[in-house]
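For reference, the structure is listed below as C-alpha cells.
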Amino acid sequence: MLPPTTFALGKQGVRDWEGMRNLPKALRAELAERYRVSEFAEVTPFVSQDGSVKYLYTLWDGKKTEAVYMPYVGRRTICVSSMVGCPAGCTFCATGKMGFGRNLTAAEILDQILFAAHHQGHSPREIRNVVLMGMGEPLLNLEHVFTAVRRMLDPEALAMSPRRITLSTVGIPRGIYRMAEEDLGVRLALSLHAPDDETRKLIIPTAHRYSLEEIMTAVRHYYARVKRRVTFEYTMLKGLNDHPWQAKALAKHLEGLSAHLNLIPWNPWEGAPHQGTPKEHILKFAAILEGMGVPTSIRWSRGRDVGAACGQLALRQPA
C-alpha cells in the first residue's frame, strides 16, 4: 500500500520532500529517510515533432519501461505501461518481441503520470486521460493495475473520472470477468486484431490458449454487467487481417454490443515480420464496417519519429 504522503505529493506535483513546504522541516527530513519520492533512478524524454513525448524510465533495479505523453487541443493524455516488456508476444508489436521482464508495482505505474506532469509543467490533476496501452498486458498484472487505478480515481489522490481511464487487454477472459466484478467504472478496450481464430493464432500467441468465443463471451458478460461501451482495437496488417470478408466477420462479432472500433495503421519497427495495410485499403475496410452499422474510427498514431507510436515501444532510443 502506498503511504498517505503519496497522495499529497501527487496533488502538489513536487518531486522531492523539500518541496512539501506545508510539512514541518523535521518531518520532511524523516520522510526523506523512510520513503523515496520517485520510482525512477533516471528518466530520458524524447520529444516528437508532433508534440508527443516518449519517456524512457529506468527503475531502481535497472530495468526500464516507457510511457507516452500526448497533448491534444483541450485535453492531455498519457499512455502508461503496466510491465517491463510483455509476455503476450504479439508479432506486430515491438514490445512483444522484447519478452517479459517483470510486473510494475502500483507506485511505478502511478509515477509515470506524476513525472510526465512535472516535466510538462502541469499539476498531476491536469492530466485527465490515461490509457493503459503501453508495455505489458494489464490483466496479467491485475492486482497492481487495479491498485493504481483506484489511486487515480481517489478524490484525495488524482481524482480522475473513470470514463477517462481506458484499460487495454489482448483478451484474458478471467481478467475481463474480474473487471466486471470490480466495476471501477473504467473503459475496457479489447485488442482483437483478427475476427477468426486461425488468423489470430498467427499474430497473437495467447490466441492458442483463449479462443475468440471464450474472449467474446467474457466481453459480453462484462457489457451485460456494467452497461458500458467497449472499444475494440484492430491493427491493420497487409494481406493478413485486412480482407473484406474479415471486416464482415468482425462486424458479426460486435452485434448486440455497444461498441466502437479503432482501426490502427501498423507502425513499423526494425526487424518486424509484417507490413502495414495501405491507407486506401484501410478506408475501404472501414467503409464495410460502417455500412454494417459498426461505429469505426481510424486511429493515426502519434510519436512515430521517436518510436512512441502504438506497437513501437521497445526501449529504443531514436537516432
Check your understanding: R0 = 22 Å: FRET efficiency of His281 with Lys252, Cβ-based, nearest 0.05?
Key -> 0.60
Practice item. Please give the helix 212-226 orientation as an angle from the longest Cα principal axis of the chain, in degrees from 0 to 90, rounded to the nearest 10. Key: 60 degrees
Study note, to complete from the structure: So Leu184 and Ala32, fully extended at 0.36 nm per residue minus their Cα-Cα distance, gain in nm 51.4 nm
Point to revise | Computed [θ] at 222 nm, helices only, for the chain once each DSSP H run of length n ≥ 4 contributes -39500 (n - 2.57) | key: -10000 deg cm²/dmol
Exercise for review: Using Rg and Dmax of the Cα atoms in Å as the read-out, say which of [x] 21.8, 86; [y] 19.8, 69; [z] 17.9, 56 was calculated from these coordinates.
Suggested key: [y]
Review point. Over the chain, what percent of the accessible surface lies on carbon and sulfur atoms, probe 1.4 Å?
Key: 52 percent
Check your understanding: For labels at Glu270 and Ser161 in the simple 7 Å Cα→Cβ model, what's the distance in nm?
Key -> 4.2 nm
Study note, to complete from the structure: Probe 1.4 Å, heavy atoms of protein chains only: per residue, the accessible area of the chain in Å² is 44 Å²
Exercise for review: Just the isolated ones, please: cysteines in the chain lacking another cysteine beta carbon under 4.7 angstrom.
Suggested key: Cys79, Cys86, Cys310
Exercise for review: Within the set of other residues whose C-beta is less than 14 Å from the C-beta of Val73, count the net charge using Lys and Arg as +1 and Asp and Glu as -1.
Suggested key: +3
Review point. In degrees between 0 and 90, to the nearest 10, how far off the longest principal axis of the chain does helix 244-253 point, with axes built from Cα atoms?
Key: 60 degrees
Check your understanding: Which order, highest average first, do 36-48, 302-314 follow once you tally other Cβ atoms within 10 Å for each residue and take the mean per peptide?
Key -> 302-314, 36-48
Check your understanding: Which of the pairs Lys227/Lys252; Lys54/Lys252; Lys201/Lys252; Lys63/Lys201 have their Cα atoms more than 25 Å apart in this structure?
Key -> Lys54/Lys252; Lys63/Lys201
Check your understanding: Where does helix 279-291 land angle-wise versus the long Cα axis of the chain, in degrees 0 to 90, nearest 10?
Key -> 80 degrees
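The values are calculated or read from the model by the stated rules, or taken from the named source; none is laboratory data. Quick caveat, the model's predicted, so the values are computed rather than measured. Please note: Cβ atoms are built from the backbone with ideal geometry, for glycine as well, and neighbour counts cover all protein chains shown. Surface areas here come from the heavy atoms of the whole protein model, side chains and all, with no ligands, DNA or RNA. Shrake-Rupley method; radii C 1.70, N 1.55, O 1.52, S 1.80 Å.
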